[in-house]
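The values are calculated or read from the model by the stated rules, or taken from the named source; none is laboratory data. Note that this is a predicted model, so its numbers are computed, not measured. All Cβ positions, even for glycine, are placed from backbone atoms using ideal geometry, and neighbour counts span all protein chains on display. All accessible areas refer to the heavy atoms of the entire protein, side chains included, with ligands and DNA or RNA removed. Shrake-Rupley method; radii C 1.70, N 1.55, O 1.52, S 1.80 Å.
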Number of protein chains: 2
Amino acid sequence: MSDKYKEFRPNWENEVPVEGSYRSIFKWGAPDGFKSPNEKLYKVMKDKFNLTDDDFKEKIYLGNEKVEANKEIALKPEQIEMFRKIVGEENVKLDDYSRVDVAYGMTLYDSLRLRRGIVENIPDVVLYPRDRDDIEKIVKYCNEELIPVYVFGGGSSVTRGLEAVKGGVTLDLRPHFNKVIEFNEKNQTITVEAGMSGPKLEETLNNAVKLFGAKRAYTCGHFPQSFEGSSVGGWVVTRGAGQNSTYFGKIEDMVMQQEYVTPTGVIVSDPFPAQAVGPSIDHIMMGSEGAYGVLTHVTLKIFRLMPENQRKFSYIFKSWEDAQAAAREIMQSQFGFPSVFRLSDPEETDIALKLYSVDGTILDKMMSIKGYKKMERCLFLGFTDGETKFTKNVKKQLHKICKKHGAMYLTSYPTKHWEKGRFNDPYLREALVDYGIMIDTMECSVTWDSMPKVHAGVREFCKSRPNTVNMTHMSHVYPQGANLYFIFIAKMDTVEEYLDYQQGILDNIQKYGASMSHHHGIGKMFAPWIEDSIGKNQLEVFRALKKHFDPNNIMNPGGTMAFDLPDEEKRVRKY
Amino acid sequence: MSDKYKEFRPNWENEVPVEGSYRSIFKWGAPDGFKSPNEKLYKVMKDKFNLTDDDFKEKIYLGNEKVEANKEIALKPEQIEMFRKIVGEENVKLDDYSRVDVAYGMTLYDSLRLRRGIVENIPDVVLYPRDRDDIEKIVKYCNEELIPVYVFGGGSSVTRGLEAVKGGVTLDLRPHFNKVIEFNEKNQTITVEAGMSGPKLEETLNNAVKLFGAKRAYTCGHFPQSFEGSSVGGWVVTRGAGQNSTYFGKIEDMVMQQEYVTPTGVIVSDPFPAQAVGPSIDHIMMGSEGAYGVLTHVTLKIFRLMPENQRKFSYIFKSWEDAQAAAREIMQSQFGFPSVFRLSDPEETDIALKLYSVDGTILDKMMSIKGYKKMERCLFLGFTDGETKFTKNVKKQLHKICKKHGAMYLTSYPTKHWEKGRFNDPYLREALVDYGIMIDTMECSVTWDSMPKVHAGVREFCKSRPNTVNMTHMSHVYPQGANLYFIFIAKMDTVEEYLDYQQGILDNIQKYGASMSHHHGIGKMFAPWIEDSIGKNQLEVFRALKKHFDPNNIMNPGGTMAFDLPDEEKRVRKY
């Protein structure tokens, strides 16, 4: 990010939020971590949104007020007393701040509400379980007393996954439930408590030699953009994917064993790399988003830490068609997969080249001379992971295919820039929202043959709104298709305007035949689309499991996965 | 196989079975396909089992008698009439032979029973559905009339998966339900009807250029030893694995979309390479072994056909410990995986070197000189698949690791011999059983850290029986562990003796902490162990799904997955 603004520079977010404020809840990541748009992005926004410097002189809805819930505690005193007995006095919190803190995730809608002091769905009480036995006791008691149970892992949900719609208790796993249970170098696995944070897990594995006397260092291979604010449990129950998933796999490929505490009993999957003993218990539980039970322990497959073997690359294609054809060929050629695989459509490319400071460089000039035209050309970047000769060959074969499809090699320069921002881009959002500029992302899963129509169709809807940036990229790529990410940036005046637009995107993702989510999960936010998306009979299978695990509907109730969504909230296919 | 017996040569099976006979049902594969032991194996058997040539002069229980069921048809005439209306007169069979033919798979127990004319669990009627609508109508009608429904795909079950314990109807998918629905080169997928046979699928994909105007030829990548007698549907509902699974994955990794007709309704999974929309419908249905519904269509991910890139290898290790350490390192080094990965323990190595004609060659001499001792040394063989540089590197890295662990390279000679036998070894069985020699295989799944104790423990049980060959190998290998295959050969006098021994092996697989099946499924044969193996709560999850899909228990009833297993048949953990 350049700090040298030649002209007016808005007073971008740069202060640690007031303690106890709404902002301290919705702000991403480290309280003293900030990211503001560089001058190029600032110019793009003014240009695209028809704004002037004057529009960036006054901030709105900063959420610096002290959190006030004004929500009575509906639980009975003896119930709260029982919780104190179970987890200890100090691990029960009833104050407004603690309750609001665990009820919101990181979807833009959460930020917009908290900025306005809108507090909707919070638990009556927050519990900090110390171990799995605490969790077992809590679930058992809540099931007897019909008290709703919500779980807070890392708090990075972008699907309203955490909202305590029916009150009750939220188990906040952060303080205590974050330990390593077992490191097993022979099997190359680690078993952790579900509240283990992403960075803590990775740090642990990187330091396995020191911590466990291991022969080498390891990595988890799972790095979502939300890494800093994510938990292992959250990864698993939402079927998350990291940015390196094209090589390392989605979280469901990494899970080897799990334990869930459900109202019906404890479910432990088998600890084998594969088996043929009925349906997969792991796959029945993963993606259940807290609605079947509380995930306690996870055994993850881990990988050797070999950053020295990573080979970076970037290319520019003449068109989105060429780029897609190359991507498909790379994934179907069977030389192994690159780790990070990110291919931007023309509009995202246009902005990315600005953000990654390629604009105006010699690379930029070469692109122009060689006929890679603005708003047609597509940026492809990434890197490889694995054994050194393997990564070398992946890069070499990928290079051949890119050249064959008319791409120009852009060095590793843009990739290095992307890497710098990969975990701190989320810090950018609040800087923009302070000035009423909304930025949000929606992602879906597509096959190669439906990708062009999904991209064109959703984009057409996005661009039907004037003065709106719509950037799309594919990432998490497979021989059969990929994930498509839709990012929009727009000046919007009301929360309703944002919601209408966001829901329109979801309608169109559904209309053009993509899956409603590749790795964000469904939560309460996308639940209205689920029945129309997967079909009634398929949803009934999830419901049958729900009924089995949680007959009293105490686990994450209030719309999760559309299990108890009122009919009027269901989206009916419009097209 | 050498045909030059220097001494007495038993009259090994070499005649096409009598038409209409039991033997024509239990005999493996092509009626005119045979395989007899070569002289070395014959000698081994005589030696190990304390037999002489005299013991190979008289055959017993050949099963050449005409099939007679002596089982009344319990269905009502109007029910049979209805089936005739649904599938057409010509697609309803009531004769004894048709009924017995579809009730037995390929487990040794099936052969032993049929050889003795023991006909136990056959359907009242056999139906040959023409399309998925036929299947939908049949399931609906059977659910209304409470008629049990069994499905016959390829007939290669080794778990008593097909047995019509409760009578009713068996849908034999072979004659009509075996067509290609869609070939999609862009997505690299093929959609087929569940009765499509393995060889037909592979032939179709190999000829994609001619058949579909494809740009290249493809392969399914799934080659179980039962390939010739297997069906796509069978692969999926039992969670099968091919011998090349270390590279291509198990069948559950290849399935992209499926349709099942259940009594509750039609279940269609989503057609995406990955998603995060609740639990995986695919993984809920796979492994359900016909107990939830009838699998109709499957969309499989396919691969490029590149046999020219396969690189064969074989090595000999000094010990089982060295071999395991190398196997683990190969799988954990992240240079990609070989395709066939087969590592034999000392006893299997001893016999394999005889069967593959290594015994007595220059290789054999070199092994002895270099200190690779009989009954200690371990044979590792396989080959690679994929892009040419990828396969070259896999072989190169694997070579380094084998050398590091003290192995000697044995050229591709043993691998070529193994390849010759890979699909016709099953033909060997009946040649042996004709003389009362039982050969059977049991397989399980283990992690690296439990492999030594599972191998030693199960082997100890196997060898506690005198005069018994027990060969073990690992195949289907993962960074976290592998499948372990236990093969025994022994002269046994009664069916009971066989059953006791086979069940003892299963008891010990369970005792030492391995999964009851890596890729054979559970069926009715392993069902007695399932509750003790996966646990009560986990089995209850399967039961909840059973109840949802099939509330009247008409789908493959009579013990499948222990859903309706009488308490007295459950194995209780002995240790």
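Tabulated data for the structure shown
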{"quantity": "Acute angle (nearest 10 degrees) that the helix B:39-49 long axis makes with the longest principal axis of chain B, alpha-carbon atoms", "calculated": "80"}
{"quantity": "Between helix A:132-145 and chain A: long-axis angle, C-alpha atoms, 0 to 90°, nearest 10", "calculated": "70"}
{"quantity": "The stretch A:6-113: GluC sites (Glu not before Pro) in DSSP coil with no more than 16 other Cβ atoms inside 10 Å", "calculated": "A:GLU7, A:GLU15, A:GLU19, A:GLU58, A:GLU65, A:GLU68, A:GLU72"}
{"quantity": "18 Å tail of the calculated P(r), the stretch B:34-136, as % of Cα pairs", "calculated": "64"}
{"quantity": "Between 0 and 90°, nearest 10: helix A:346-355 axis offset from chain A longest Cα axis", "calculated": "90"}
{"quantity": "Table column - 3J(HN,Hα) (Hz), the stretch B:66-78, Karplus curve with 6.51, -1.76, 1.60, x for Gly and Pro", "calculated": "5, 5, 9, 8, 6, 10, 5, 8, 7, 5, 7, x, 6"}
{"quantity": "Student exercise, the stretch B:1-149 dipole from Lys, Arg, Asp, Glu Cβ charges, in Debye to nearest 20", "calculated": "680"}
{"quantity": "A:ILE554 - accessible surface, heavy atoms, 1.4 Å probe, Å² rounded to 10", "calculated": "0"}
{"quantity": "Under 5 Å, built H, 5+ apart or other chain: amide partners of A:THR296", "calculated": "A:GLU259, A:TYR260, A:VAL261"}
{"quantity": "Rounded if a/c under 1.5, otherwise prolate or oblate - the stretch A:409-516, Cα gyration tensor axes", "calculated": "oblate"}
{"quantity": "Computed over chain B: relative contact order in percent, which uses C-alpha pairs under 8 Å that are six or more apart", "calculated": "15"}
{"quantity": "Along each principal axis, Cα extent of the stretch A:296-369, largest first, Å", "calculated": "52, 28, 27"}
{"quantity": "Principal axes of the stretch A:220-300: Cα extent on each, largest first, Å", "calculated": "35, 27, 15"}
{"quantity": "Rg over Rh [alpha-carbon atoms, Kirkwood Rh] for the stretch A:77-126", "calculated": "1.10"}
{"quantity": "Listed pairs A:LYS403/B:LYS396; A:LYS396/B:LYS389; B:LYS312/B:LYS403; B:LYS463/B:LYS511; A:LYS6/A:LYS43 exceeding 20 Å between Cα atoms", "calculated": "A:LYS403/B:LYS396"}
{"quantity": "Test item: Cα-centred dipole of the stretch B:153-271, Lys/Arg +1 and Asp/Glu -1 on Cβ, debye", "calculated": "140"}
{"quantity": "Accessible surface buried once A binds B (1.4 Å probe; total of both sides; Å²)", "calculated": "6600"}
{"quantity": "The protein assembly as shown - mean residue ellipticity at 222 nm from DSSP helices (-39,500 (n - 2.57) per run, n ≥ 4, rounded to 500)", "calculated": "-10000 deg cm²/dmol"}
{"quantity": "Per-residue HN-Hα couplings for the stretch A:412-420 [Karplus 6.51, -1.76, 1.60; θ = phi - 60°; Hz; x = Gly/Pro]", "calculated": "8, 4, x, 5, 4, 5, 4, 4, 4"}
{"quantity": "Furthest towards positive pole of dipole, B:TRP12, B:TYR97, B:PRO77, structure part the stretch B:1-126, Cβ charges", "calculated": "B:TRP12"}
{"quantity": "Nearest-20 debye value, chain A charge dipole, Cβ charges on Lys, Arg, Asp, Glu", "calculated": "2600"}
{"quantity": "Largest-first principal axis extents, alpha carbons of chain A, Å", "calculated": "76, 58, 51"}
{"quantity": "Environment charge at B:GLU81 (Cβ cut-off 13 Å; Lys +1, Arg +1, Asp -1, Glu -1)", "calculated": "0"}
{"quantity": "Of A:ASN64, A:PHE49, A:TYR22, farthest towards positive along the dipole that unit charges on Lys, Arg, Asp, Glu beta carbons give the stretch A:9-139", "calculated": "A:PHE49"}
{"quantity": "Average partner coverage of A:476-483, which counts Cβ from other chains inside 10 Å", "calculated": "6"}
{"quantity": "For the protein assembly as shown, the fraction of alpha-carbon pairs in successive 20 Å shells from zero, as %", "calculated": "11, 40, 35, 12, 2, 0"}
{"quantity": "Average partner coverage of A:445-454, which counts Cβ from other chains inside 10 Å", "calculated": "4"}
{"quantity": "Chain B, accessible area per residue, ligands and nucleic acids excluded (1.4 Å, Å²)", "calculated": "35"}
{"quantity": "In sequence order, calculated HN-Hα J values of the stretch A:86-92 (Karplus, 6.51, -1.76, 1.60; Hz; x Gly/Pro)", "calculated": "6, 9, x, 3, 6, 10, 10"}
{"quantity": "Where trypsin sites (Lys or Arg not before Pro) fall in DSSP loop in the stretch A:191-231, at most 15 other Cβ within 10 Å", "calculated": "A:LYS215, A:ARG216"}
{"quantity": "Computed FRET value (nearest 0.05) for A:GLU569 with A:GLU72, which takes r as the C-beta separation and R₀ as 25 Å", "calculated": "0.50"}
{"quantity": "P(r) weight above 21 Å for the stretch A:1-92, C-alpha pairs, percent", "calculated": "57"}
{"quantity": "Relative contact order of the stretch A:135-255, defined on C-alpha pairs under 8 angstrom at six or more residues apart (%)", "calculated": "20"}
{"quantity": "Cβ-based net charge around B:SER197, under 13 Å, with every Lys or Arg adding one and every Asp or Glu removing one", "calculated": "-2"}
{"quantity": "Cα centroid of the stretch A:75-148 to Cα centroid of the stretch A:523-575, whole Å", "calculated": "23"}
{"quantity": "Residues along the stretch A:371-391 losing 30 Å² or more of accessible surface when the other protein chains are present rather than the chain by itself (probe 1.4 Å)", "calculated": "A:GLU387, A:LYS389, A:PHE390"}
{"quantity": "All lysines inside 22 Å of B:LYS166 as judged from Cα atoms, apart from same-chain residues fewer than 8 positions distant", "calculated": "B:LYS71, B:LYS76, B:LYS93, B:LYS137, B:LYS140, B:LYS524, B:LYS546, B:LYS547, B:LYS570"}
{"quantity": "Tensor-based shape of the stretch A:447-494 (alpha-carbon gyration tensor, a/c under 1.5 rounded, otherwise prolate or oblate)", "calculated": "prolate"}
{"quantity": "Loop-located trypsin sites (Lys or Arg not before Pro) in the stretch A:1-42, at most 11 other Cβ atoms within 10 Å (DSSP)", "calculated": "A:LYS4, A:LYS6"}
{"quantity": "The stretch A:161-211, relative contact order in percent, only Cα pairs under 8 angstrom and at least six apart counted", "calculated": "27"}
{"quantity": "Residue (of B:GLN334, A:ILE86, A:MET366) at the positive-pole extreme of the protein assembly as shown, dipole from beta-carbon charges", "calculated": "A:MET366"}
